[in-house]
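Take a look at the structure below.
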Amino acid sequence: MTQWKCSNCGYTFGADTVPERCPSCKQTCTFSDVTCYIPDCGGPGNLDPRLVGKKDKPVNE
């Protein structure tokens, strides 16, 4: 499961695909993939702490 972060409110959540609206703020937003892909932070399914706190290039608009 991919971990996504809302560009509007910063909410992070796990989902297989990006929703049209944020589950938290209910806005149409862009979402950044903040999934951990390395063993140091637990691997896929976990948040990458290096990405959660910064502005990332959005996956969709």
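Read-outs throughout are calculated quantities, based only on the coordinates presented, and are distinct from any laboratory measurement. The structure presented is a predicted model; accordingly, all values stated were derived computationally and were not measured. All Cβ positions, glycine included, derive from the backbone under ideal geometry; neighbour counts span all protein chains shown.
Using only the Cα atoms of region 2-52, what do you get for the radius of gyration and for Dmax, in Å?
When restricted to Cα atoms, region 2-52 yields Rg and Dmax of 10.8, 33 Å.
Which order do the peptides 17-29, 1-13 come out in when sorted by mean C-beta neighbours inside 10 angstrom, highest first?
1-13, 17-29
Could you tell me the calculated FRET efficiency between Asp48 and Lys26, based on Cβ-Cβ distance and R0 = 30 angstrom, to the nearest 0.05?
0.70
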